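First the structure, in the form of structure tokens, and then the observations on it.
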Amino acid sequence: MFLQKYSERYLFGSYENGAVAGGRISYVKLFSVIAVFILAIACINFMNLSTARASRRLKEVGIKKAIGANRRALVTQYLGESMIISILSLFVAAILVALLLPQFNLITGKHLTLQLDGNIILSAFGLGLFTGLLAGSYPALYLSGFSPAEVLKGKLTTAFGELFARKGLVVFQFSLSVILMVAVFIVYRQIEFVQTKNLGYNRDHVIYIEKEGKVAENVETFISQVKQLPGVVEAAPTTFRVAGGGYTYGLAWEGNEEYNIQFHEINAGFESTELLGFQLASGRSFSREFPSDSSAILFNEKAIQMMGLKDPIGKKVKHYSGERTIVGILKDFQYESLYEPIKPVCILFKPSQTQFVMMKLEAGKEHETITSLQNHYATFNPGFSFDYKFMDEDYQNLYASEQRVSILSRYFAGLAIVISCLGLFALAAFTTERRLKEIGIRKVLGSSEWSIIYLLSSDFTKMVLTAIIIALPVSYYLSSFWLQNFSEHIELKWWYFGGAGAMALVIAWMTVGFQTFKAAKVNPVNSLKSE
């Protein structure tokens, strides 16, 4: 026994061994981590571009140091510049949030509003300053560390450590992008699998209503009349719901008198199992031809397996409501969401103790059939509204969170890829600009345009390939870990990961291709005329 605030159950609704073990809060944490990663990718772009453009500020640094500026003053200046950029970005972000919030609410099914109270403003401002400090720290330390003599003499060369750090940052951000791309595809495939999987029963075109008023008092009469309406294929009473229902330990049988196994318990009437399309493994379903079925019971295969019964048809079991005879065994079906394994289920013939009336409608005639049902219901049960639900919609609602995760992850992955490509595009532009004279010399010595393009693209290709090699095992581990939450899930195919890697590589080639092609087309006369 333990206490929990009711308001916490939505986010913390999973329990293990009598203690809270997470729940929907895991998705909140997941998107928070992804948001941090995307911010890190943007910071990496700033670091890379700032250090790549360092050559344009070398003389500025040299002159300032020569006339007495110390390193602390330069670090302060460059950190201040990055913080100003970050704070300006914060204001742009606030405007974008206000503009995109209605669309975000539409995607997530929420009704959030932008309330700028003191805590939010301070938190956002603090985040902006921290981002500016983080993004500007490496460029500030890098630029302020130049020797003024070497800078002013033009003897400064690019250090190996600088190139290694810059390439490492590109590898890191593309690794994150590839991981997000794999995640999007795996989540999409699993949701598709969940929506199309055969659960062991047919939920299509099935509606149900609660028994109220005269329907509860005369359910058999109501059902017999409903069956006569055009478009109604079948109708039956039940307590079955796709989200699961009641359970009991109140069953004992020969060989086990301890009442120690939990069974999901469903009350049903005639045609209930036929309506949902349950398949019989052996025996029969409830039938009007057998008056003794008032004490009949059905089990699924999982229940018989756990009970250890051989040749169960005709055997007696002790139920808390009285002795019952096993008349049929149903093939296993998924009574709850696919997060849960298949569990033992017993179905009792108890039409008087059912909660719902199910009706299977003819495909393609749902609208007119529901209209007829509404009119008949208003006549049969005046004073009560015909509040019906579709069973397949209930099933979809079981995975509403996962569907939102799938949609949001696509946006996150797209954003991460765009930001990474922006950085790669700009880095390619500055790299080709710094190598224009080298390109001119190579062309004078006979290099073709395609060899120049290959030369310039190869470094970026190596970085992206390294990122893919790092990202794929990480994404495989994370995908396997997430899929373990489901009792049944997709198999991880190699092409899920290979496809994401190939897509990242093609996107990178397209990103740098324009810059490299433009550089390869430059006339060497124009790039060498200043020499």
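Structure above, values below:
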item: 0 to 90° range, to nearest 10: angle between helix 366-380 axis and the chain longest Cα axis; result: 40 degrees
item: Distant-in-sequence amide H partners of Y15 (H built 1.01 Å from N, under 5 Å); result: A21
item: Solvent-accessible area, 1.4 Å probe, carbon plus sulfur percent, for region 37-99; result: 72 percent
item: Charge dipole (the chain, unit charges on Cβ, about Cα centre) - positive-most of Y78, L127, L361; result: Y78
item: Modelled FRET efficiency - R0 35 Å, K518 with L129, Cβ distances, 0.05 increments; result: 0.40
item: Helix 25-52 axis, angle to the chain major axis (alpha carbon atoms, nearest 10°); result: 10 degrees
item: Of all DSSP beta bridges in region 268-345, antiparallel share, percent nearest 5; result: 60 percent
item: ³J(HN,Hα) computed for each position of region 167-180 - Karplus, 6.51 cos²θ - 1.76 cosθ + 1.60, integer Hz, glycine/proline x; result: 5, x, 5, 5, 4, 4, 6, 6, 4, 4, 5, 5, 4, 5
item: CD proxy at 222 nm, helix term only [per DSSP H run n ≥ 4: -39500 (n - 2.57); per residue of the chain; nearest 500]; result: -19500 deg cm²/dmol
item: Cross-link partners of K350 among aspartates and glutamates (Cα-Cα below 18 Å; sequence separation of 8 or more within a chain); result: E210, E212, E217, E220, E265, E271, E274, E289, D293, E323
item: Whichever lysines have a C-alpha closer than 19 Å to that of K59, once near sequence neighbours (fewer than 8 apart) are set aside; result: K153, K155
item: Surface share of carbon and sulfur [accessible, 1.4 angstrom probe, percent] for region 352-400; result: 48 percent
item: Stokes-Einstein D for region 311-401, Kirkwood Rh over Cα pairs, 37 °C, 0.692 mPa s (µm²/s); result: 190 µm²/s
item: Difference of contour (0.36 nm per residue) and Cα-Cα distance, R57 to E393; result: 114.8 nm
item: Hits among lysines - C-alpha to C-alpha of K343 under 28 Å, sequence gap 8 or more where chains match; result: K197, K211, K302, K310, K315, K316, K318, K331, K360, K389
item: Lysine pairs with alpha-carbon atoms under 22 Å apart, region 412-531, spacing 8 or more or separate chains; result: 9
item: Kirkwood hydrodynamic radius of region 445-513, from inverse mean 1/r over distinct Cα pairs, in Å; result: 14.3 Å
item: ³J(HN,Hα) computed for each position of region 493-502 - Karplus, 6.51 cos²θ - 1.76 cosθ + 1.60, integer Hz, glycine/proline x; result: 8, 5, 6, 4, 7, x, x, 5, x, 5
item: Convex hull per residue volume in Å³, alpha carbons only, for region 262-326; result: 99 Å³
item: Exposure of Y27 as accessible area (Å², to 10), given a probe of 1.4 Å and all protein chains; result: 40 Å²
item: Chymotrypsin sites (Phe, Trp or Tyr not before Pro) restricted to region 202-266 and DSSP loop, no more than 15 other C-beta within 10 Å; result: Y249, Y259
item: Label-point separation, F386 to N256 (7 Å along Cα→Cβ), nm; result: 4.4 nm
item: Prolate/oblate/rounded label for region 43-101 (Cα gyration tensor, a/c 1.5); result: prolate
item: Helix 71-108 axis, angle to the chain major axis (alpha carbon atoms, nearest 10°); result: 30 degrees
item: Antiparallel content of DSSP bridges confined to the chain, in %, to 5; result: 75 percent
item: Rough spin-label spacing in nm, given labels placed 7 Å along Cα→Cβ, for K318 and Y6; result: 3.9 nm
item: The chain, relative contact order [Cα under 8 Å, separation at least 6], %; result: 20 percent
item: Charge-dipole axis of region 444-531 as Lys and Arg at +1 and Asp and Glu at -1 on Cβ define it, positive-most pick from S487, N526, M510; result: N526
item: Inter-label distance for N70 and E449, nm, one decimal - labels placed 7 Å from Cα along Cα-to-Cβ; result: 5.5 nm
item: Per residue value of the accessible surface for the chain (all protein chains in place, 1.4 Å probe), Å²; result: 54 Å²
item: V525 - accessible surface, heavy atoms, 1.4 Å probe, Å² rounded to 10; result: 100 Å²
item: Anisotropy class of region 176-262 from Cα gyration tensor, a/c 1.5 cut; result: oblate
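The values are calculated or read from the model by the stated rules, or taken from the named source; none is laboratory data. Because the structure is predicted, anything quoted here is derived from the model rather than measured. All Cβ positions, even for glycine, are placed from backbone atoms using ideal geometry, and neighbour counts span all protein chains on display. These area figures cover heavy atoms from the full protein model, side chains too; ligands, DNA and RNA do not enter into them. Shrake-Rupley method; radii C 1.70, N 1.55, O 1.52, S 1.80 Å.
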